[in-house]
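Chemist: Before anything else, here's the structure in question.
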Amino acid sequence: MATKRYYKEIKNLSKDELTTKIRETEAQLFKARIDRATGQLKNTASIWRMRKDVARMKMLETQAASAGKK
(Lines give C-alpha, C1' and ligand atoms only; values in the text may rest on other atoms or scores of the structure.)
Protein backbone atom coordinates (compact mmCIF):
# COMPACT_ATOMS: atom_id res chain seq x y z
CA MET A 1 0.00 0.00 0.00
CA ALA A 2 1.38 3.38 -1.02
CA THR A 3 0.22 5.14 2.13
CA LYS A 4 2.28 2.92 4.41
CA ARG A 5 5.34 3.37 2.22
CA TYR A 6 4.85 7.15 2.21
CA TYR A 7 4.44 7.18 5.99
CA LYS A 8 7.72 5.31 6.41
CA GLU A 9 9.46 7.79 4.12
CA ILE A 10 8.28 10.88 5.98
CA LYS A 11 8.90 9.23 9.34
CA ASN A 12 12.63 9.15 8.60
CA LEU A 13 12.88 12.85 7.71
CA SER A 14 14.67 15.28 10.00
CA LYS A 15 12.72 18.06 11.72
CA ASP A 16 13.83 20.69 9.20
CA GLU A 17 13.08 18.45 6.22
CA LEU A 18 9.67 17.65 7.65
CA THR A 19 8.85 21.33 8.14
CA THR A 20 9.94 22.07 4.58
CA LYS A 21 7.86 19.19 3.23
CA ILE A 22 4.80 20.45 5.16
CA ARG A 23 5.17 23.94 3.69
CA GLU A 24 5.62 22.59 0.16
CA THR A 25 2.56 20.36 0.46
CA GLU A 26 0.47 23.20 1.89
CA ALA A 27 1.53 25.40 -1.05
CA GLN A 28 0.54 22.65 -3.50
CA LEU A 29 -2.77 22.27 -1.66
CA PHE A 30 -3.45 25.99 -1.96
CA LYS A 31 -2.71 25.91 -5.67
CA ALA A 32 -4.97 22.87 -6.12
CA ARG A 33 -7.81 24.67 -4.34
CA ILE A 34 -7.41 27.67 -6.63
CA ASP A 35 -7.37 25.38 -9.66
CA ARG A 36 -10.53 23.65 -8.46
CA ALA A 37 -12.28 26.98 -7.99
CA THR A 38 -11.36 28.06 -11.51
CA GLY A 39 -12.29 24.70 -13.02
CA GLN A 40 -8.76 23.75 -14.03
CA LEU A 41 -8.22 20.86 -11.60
CA LYS A 42 -8.80 17.48 -13.21
CA ASN A 43 -8.01 15.21 -10.27
CA THR A 44 -10.07 16.46 -7.34
CA ALA A 45 -8.97 13.51 -5.19
CA SER A 46 -5.51 15.07 -5.03
CA ILE A 47 -6.86 17.71 -2.62
CA TRP A 48 -8.04 14.99 -0.26
CA ARG A 49 -4.67 13.20 -0.45
CA MET A 50 -2.70 16.37 0.20
CA ARG A 51 -4.85 17.23 3.22
CA LYS A 52 -4.24 13.77 4.67
CA ASP A 53 -0.50 14.00 3.94
CA VAL A 54 -0.25 17.34 5.73
CA ALA A 55 -2.11 15.88 8.71
CA ARG A 56 0.26 12.89 8.83
CA MET A 57 3.31 15.12 8.69
CA LYS A 58 2.00 17.46 11.38
CA MET A 59 1.25 14.43 13.57
CA LEU A 60 4.85 13.24 13.20
CA GLU A 61 6.11 16.74 13.94
CA THR A 62 4.02 16.88 17.13
CA GLN A 63 5.14 13.41 18.19
CA ALA A 64 8.78 14.35 17.70
CA ALA A 65 8.31 17.53 19.73
CA SER A 66 6.61 15.71 22.59
CA ALA A 67 9.25 12.95 22.56
CA GLY A 68 11.94 15.62 22.80
CA LYS A 69 10.33 17.13 25.91
CA LYS A 70 10.36 13.86 27.83
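Chemist: Among the aspartates and glutamates, which fall within straight-line cross-link reach of Lys4, defined as a Cα-Cα distance under 20 Å, with same-chain neighbours fewer than 8 residues apart omitted?
Modeler: Correct list for Lys4: Glu17, Asp53, Glu61.
Chemist: On to the next question. Using the heavy atoms of the protein chains alone and a 1.4 angstrom probe, what is the accessible area of the chain per residue in square angstrom?
Modeler: Numbers: 5640 Å² over 70 residues.
Heavy-atom accessible area per residue stands at 81 Å².
Chemist: Something else about it: Out of every Cα pair in the chain, what percent are spaced more than 13 Å from each other?
Modeler: Summing the P(r) tail past 13 Å for the chain gives 67 percent.
Chemist: Once R0 is set to 25 Å, what does the formula 1/(1 + (r/R0)^6) return for the Cβ-Cβ distance between Arg23 and Ser66, expressed as a FRET efficiency to the nearest 0.05?
Modeler: In this case the efficiency is close to 0.75.
Chemist: Might you report the magnitude of the Cβ-based charge dipole of the chain about its Cα centre, with Lys and Arg at +1 and Asp and Glu at -1, to the nearest 20 debye?
Modeler: 280 debye
Chemist: Which entries in Lys11/Lys52; Lys8/Lys52; Lys8/Lys58; Lys8/Lys42 show an alpha-carbon gap greater than 19 Å?
Modeler: Going by Cα-Cα distance, Lys8/Lys42 fall outside the 19 Å limit.
Chemist: Taking only C-alpha pairs under 8 Å that are 6+ residues apart, what is the relative contact order of the chain in percent?
Modeler: In percent, rounded to a whole number, it is 38.
Chemist: Pick from Lys21, Lys31, Lys42: which residue has the top mean-square fluctuation in a GNM of the chain where Cα pairs under 10 Å get a spring?
Modeler: Checking each option, the largest mean-square fluctuation is seen for Lys42.
Chemist: In whole percent, how big is the carbon plus sulfur part of the accessible area of the chain, probe 1.4 Å, protein atoms only? Provide the component values of the computation, followed by the final result.
Modeler: Values: 2960 of 5640 Å².
That share works out to 52 percent.
The values are calculated or read from the model by the stated rules, or taken from the named source; none is laboratory data. Everything numeric here is computed off the predicted structure, so don't read it as measured data. So basically every Cβ, Gly included, is an ideal-geometry build from the backbone, and we count neighbours across all protein chains shown. We work out accessible area using only protein heavy atoms, side chains counted, and drop any ligands, DNA or RNA first. Shrake-Rupley method; radii C 1.70, N 1.55, O 1.52, S 1.80 Å.
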